Amino acid sequence: MVSPLGGNVDTSWKNILEGKSGASKVSNFQVDDLACQIACQIPRDPSVAGHYSPDDWMEPKEQRKVDEFIVYAVAAADQALSDSGFKAETYEQQIRAGVLIGSGIGGLQGIEEAAHTLADKGPRRISPFFIPGRLINLAGGYVSIRHGLKGPNHAVVTACSTGSHAIGDASRLIAFGDADVMVAGGTESPVCRLSLAGFAACKALSTSYNDTPEKASRPYDADRDGFVMGEGAGVVVLEEYEHAKARGAKIYAEVIGYGLSGDAFHITAPSPEGDGAFRCMSAALARAGISPADVDYINAHGTSTMADTIELGAVERLVGDAAGKIAMSSTKSCIGHLLGAAGAVEAIFSVLAIRDGIAPPTINLDTPSVETKIDLVPHKAKKMNIDVALSNSFGFGGTNASLVFRKVAD
Amino acid sequence: MSDIADRVKKIVIEHLGVDAEKVTDNASFIDDLGADSLDTVELVMAFEEEFGVEIPDDAAETILTVGDAVKFLEKNAG
């Protein structure tokens, strides 16, 4: 994982459990004329413990050819594969191992720069690496080339649901027998002038906290006013259960449910009754063969927008009387909204919540905008036994995905 | 070594990320310096930019080594 709170999963998770915020004023490009001048950016300062250094993962001459979302994905996939201990060494292993990494937008920054080159210098100055360095599926392409993964090679583009869809679809490729191992996740490098301007025009971004960025991402809070954009990548190694057991792999959790739905309502707004969210969570639980009361922890989509209450309403409707025993938090309060990477990093946080028996906090939740029996885990992480965790992602276009993870008995 | 050769060499080192001593006159971009076909397209673009010349596609196809590039540019760069 590469996140605004660290260049690896351990640092990111530790910082989240401590309730840190990854948000700050953007200083690497001009923001004074933008409505939103803040973002959750990856720590690159070498003096910061657990910082991210792109040169650790890709040679500088290769980095020049691609947008950063590809470098983040390569870094996250290298980390995940190394942690899993899986290596595709024989041809048989290679053809049974695939990649499914998505991105919400892909190389927006490179497209912005190339458009300027085209206008200023003409078509003969467009680099031959412009196209292959911006295509969304090239994140997975690079990962497959690097690790010799010759199985299914696929990519998802479903806005802010991308990471969840990627992990869900990859788990189905394994369940259907198309692969034994899938390297899956999402990646996004959206922090540039064009996207800050574009998302602000959609009225999706926080604009009142430019001077106090660490307070800006505040899901469920009465004073929230939009999301804070984040960057990074989350990648997991999914493996067929018996295949993992046979090689003695460290199994973090099992993917037991995956649900998908569409709102068919509006291009950016969720359906007001949370119908799409409700159906997608229901489908995931039905696939898992468990009841809503079996869920211990929910990692919410919770973007710090008006949509938070719609998701909360859908969850309340889903869990009914079990609301009092469920904890639901939004780690976006700490790392912001990683768009196409959000579902993947949040799936990882959900799995770590199971492993460590702790629900990460929703920071900045000072005054909840609605009353609920569900514990929104304000400010401080909460120790609790978590056997089952559900992770939600909802995207522009009315595209919804829910994943359900369960602790694996030793 | 001419000024043009120095500038060509510098571009090749930067773009292909190779050690200076490998960038000899006879070094082939693809066979000796690890370039692929897209790298060579980008190299030609970098030469055009540096020397303010246009290198037509049929000429670009004949530029296979560092020496080829130097020779072409010595002849065509103003």
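Give me the accessible area per residue for chain A, probe 1.4 Å, as a whole number in Å².
Spelled out: the 1.4 Å probe surface of chain A, per residue, equals 39 Å².
Between the stretch A:193-252 and the stretch B:41-58, what's the alpha-carbon centroid distance in Å?
So the separation of the two Cα centres works out to 42 Å.
In sequence order, what are the phi-derived ³J(HN,Hα) couplings for the stretch A:260-270 according to the Karplus relation 6.51 cos²θ - 1.76 cosθ + 1.60 with θ = phi - 60°, rounded to whole Hz, with x for glycine and proline?
These are the phi-based 3J(HN,Hα) values: 10, 7, x, 7, 6, 10, 8, 5, 10, 8, x Hz.
By what distance, in whole Å, do the Cα atoms of chain B stretch along each of the three principal axes, largest value first?
Principal axes ranked by extent give 29, 27, 18 Å for the Cα atoms.
Hey, can you grab everything whose amide H is under 5 Å from the amide H of A:Ala359? Only 5+ residues off in sequence or another chain; H modelled, so Pro and N-termini drop out.
A:Lys382, A:Lys383, A:Met384
Give the calculated FRET efficiency between A:Ala269 and A:Tyr241 to the nearest 0.05, with a Förster radius of 35 Å applied to their Cβ-Cβ distance.
In this case the efficiency is close to 0.35.
If R₀ is 45 angstrom, what is the calculated FRET efficiency for the pair A:Ala293 and A:Ser47, using the beta carbon separation as r and rounding to 0.05?
It comes out at approximately 0.40.
Please compute the length gained on full extension between A:Thr309 and A:Lys14, using 0.36 nm multiplied by the number of residues separating them and subtracting their Cα-Cα distance.
103.4 nm
Going by amide H atoms built from the backbone, whose H comes under 5 Å of the H on A:Met306, apart from near neighbours?
The list, which skips near neighbours in sequence, is empty: none.
In peptide A:124-134, what is the residue-averaged number of other protein chain Cβ atoms found within 10 Å of each Cβ?
Average neighbour count from other chains, rounded to a whole number: 3.
With each pseudo-label sitting 7 Å past Cα toward Cβ, what's the A:Ser24-B:Asn76 distance in nm, one decimal?
That separation, rounded to one decimal, is 4.7 nm.
Relative contact order of the stretch B:1-76, please, whole-number percent, based on alpha carbon pairs below 8 angstrom and at least 6 residues apart.
The value is 38 percent.
If the elastic network links every pair of Cα atoms under 10 Å, which of A:Pro361, A:Pro152, A:Pro46 fluctuates the most in the Gaussian network model of chain A?
With Cα springs under 10 Å in chain A, the top fluctuation among A:Pro361, A:Pro152, A:Pro46 is at A:Pro46.
Using Cα pairs closer than 8 Å and at least 6 residues apart in sequence, work out the relative contact order for chain A, in percent.
With pairs under 8 Å counted, the relative contact order is 22 percent.
Show me, for the stretch A:387-393, the HN-Hα J-couplings you get by feeding each phi into the Karplus relation (A = 6.51, B = -1.76, C = 1.60, θ = phi - 60°), rounded to Hz, glycine and proline as x.
Each residue's phi maps through the Karplus curve to give 8, 10, 10, 10, 10, 10, 9 Hz.
With a cut-off of 18 Å, note down the residues of the stretch A:11-25 whose backbone N falls inside the zone around a label point 7 Å from the Cα of A:Ser82 toward its beta carbon.
Once the point is set 7 Å along Cα→Cβ of A:Ser82, A:11-14 turn out to lie under 18 Å by backbone N, inside the stretch A:11-25.
Mind putting together the pair-distance distribution for chain A? All Cα pairs, 10 Å bins, whole percent per bin, short to long.
Distribution as computed: 5, 25, 35, 25, 9, 1, 0 percent.
Residues with amide H under 5 Å of A:Gly98's amide H, sequence separation 5 or more or different chain, H placed in the peptide plane at 1.01 Å from N; which?
A:Gly151, A:Val181, A:Met182, A:Val183
Extension gain A:Glu59-A:Ala197, at 0.36 nm per residue separation less the Cα-Cα distance, in nm?
46.6 nm
Which value, in debye to the nearest 20, describes the size of the charge dipole of chain A about its Cα centre when Lys and Arg Cβ atoms bear +1, Asp and Glu Cβ atoms bear -1, and nothing else is charged?
With only Lys, Arg, Asp and Glu charged at Cβ, the dipole is about 480 debye.
Pop a pseudo-label 7 angstrom from the Cα along the beta-carbon direction at both A:Arg355 and B:Asp32 and give the gap in nm to one decimal.
4.9 nm
Which residue, A:Leu81, A:Leu285, A:Leu376, has the most motion in a Gaussian network model of chain A that connects Cα atoms within less than 10 Å?
So, out of A:Leu81, A:Leu285, A:Leu376, the one fluctuating most is A:Leu81.
Give the separation of the Cα centroids, the stretch A:1-59 to the stretch A:321-345, in Å.
19 Å
Along the stretch A:151-160, what does the Karplus equation 6.51 cos²θ - 1.76 cosθ + 1.60 (θ = phi - 60°) give for ³J(HN,Hα), rounded to whole Hz, x for Gly and Pro?
Computed from phi, the couplings for the stretch A:151-160 are x, x, 10, 9, 9, 10, 9, 10, 6, 7 Hz.
Under a GNM of chain A (C-alpha, springs under 10 Å), which listed residue has the highest mean-square fluctuation: A:Tyr209, A:Tyr241, A:Tyr91?
Judging by the Gaussian network model, the answer is A:Tyr91.
The values are calculated or read from the model by the stated rules, or taken from the named source; none is laboratory data. Since we're looking at a predicted model, the values are computed, not measured. Glycine gets a Cβ as well: all are built from the backbone with ideal geometry, and neighbour counts include every protein chain shown. Keep in mind that these areas ignore ligands, DNA and RNA; they rest on the heavy atoms of the full protein, side chains included. Shrake-Rupley method; radii C 1.70, N 1.55, O 1.52, S 1.80 Å.
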